[in-house]
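Q: Quick one: structure below, then a few questions.
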Amino acid sequence: MSNSREHRHRNDTYGDNIGAQPEEQPPIPAATVVLLRERNARLEVLMLHKASQIAFGGMWVFPGGRIDEEDYPADRDVNVAARNAALRETQEEAGIAVAADGVVWFAHWTPPPGTPKRFATWFFAVRAAADDAVTIDGGEIQNHQWLAPNAALERHAAGEIDLAPPTWVTLHQIGRFATVDAALADLGHREPRYYQTRVGKRADGIRVAMWHGDAGYAGWDANASGARHRLAMTPGGFVYENTVEPD
């Protein structure tokens, strides 16, 4: 009998139960922020390395965490709460204070039902000062590094760092820009994109994360032919296809 994980990438975070299934528990609201800076004429993002014993342990991530009760304003606006949480977590995890007026909300990610530790996450981007000093606690966060997005993807492809699919796709998108201004202008002029992830399995056993617009999305069918908006999580690396909309 073949091993059910032999076609799995090590960073496939979506659990063993794939395909359409009921949502028994709502996802936990969370927020993360992509801190951007320019150094040596290239755009860089701040990546934090999580301790192995916590949620998303061992992954390189953007600063972030769950939305706490204290993050909600009086009117209970969850989008404001998400922004507040993102800023609070950036201070707590990286020791960097960010002004709220410069923050751009550009995406919202939700994993499929059945995913372990299921978070519905608001993604924000903001400029970091070139001289911002990063301070980590050495507990939940073990290390940090400023990386060019494409360099992070190359290290992931080489097996040197671990990235969850939403982090990988975000780095792929940010990697198109040469400057912080260009990135924030592009992300800020469009509506936030919602990624309600569905996972299916191709005939060759490869698991595929699909999003709205993919030919297989409605039926959770990774074998459907047609438009592509998906991430194939092959053992040898992630393969992203998007024929639906500009990244």
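Q: Which value results when the Cα radius of gyration for the stretch 197-247 is divided by 2.2 N^0.38 Å?
A: 1.01
Q: By per-residue mean of other Cβ atoms within 10 Å, what is the highest-first order of 205-215, 96-106?
A: In decreasing order of mean packing, 205-215, 96-106 become 205-215, 96-106.
Q: Let me ask another. Report, in degrees rounded to the nearest 10, the 0 to 90 angle that the Cα long axis of helix 180-189 makes with the longest principal axis of the chain.
A: Approximately 60 degrees, to the nearest 10.
Q: Connecting C-alpha atoms closer than 10 Å in a GNM of the chain, tell me which of VAL78, VAL126, VAL33 has the biggest fluctuation.
A: Of the options given, VAL78 has the highest mean-square fluctuation.
Q: Another one. Can you give the extra length, in nm with one decimal, that the chain gains between ASP16 and ASN143 once fully stretched, where that is 0.36 nm per residue apart less the Cα-Cα distance?
A: 42.8 nm
Q: Using the Karplus curve 6.51 cos²θ - 1.76 cosθ + 1.60 with θ = phi - 60°, what ³J(HN,Hα) values do you get for each residue of the stretch 60-74, in whole Hz, with x for Gly and Pro?
A: Result, ordered by residue: 8, 9, 8, x, x, x, 5, 7, 9, 4, 5, 7, 7, x, 4 Hz.
Q: In percent, what relative contact order does the stretch 133-234 have, based on Cα pairs under 8 Å that are 6 or more apart in sequence?
A: In percent, rounded to a whole number, it is 16.
Q: Then there's this: In percent, how large is the relative contact order of the chain, given Cα pairs closer than 8 Å and 6 or more residues apart?
A: Numbers: 503 pairs, mean separation 58.1, N = 247.
Once normalised by length, the contact order is 24 percent.
Q: Also, quick follow-up: On a 0 to 90 degree scale, rounded to 10, what angle separates helix 165-174 from the longest Cα axis of the chain?
A: Relative to the chain, helix 165-174 is tipped by roughly 60 degrees.
Q: If you average 1/r over every pair of different alpha-carbon atoms in the chain and take one over that average, what Kirkwood value in Å do you get?
A: Here the Kirkwood hydrodynamic radius works out to 18.6 Å.
Here, each number is a calculation from the coordinates, and none is a lab measurement. The structure displayed is predicted, hence computed values, not measured ones. In this analysis, Cβ positions are derived from the backbone assuming ideal geometry, glycine residues included, and neighbour counts consider all displayed protein chains.
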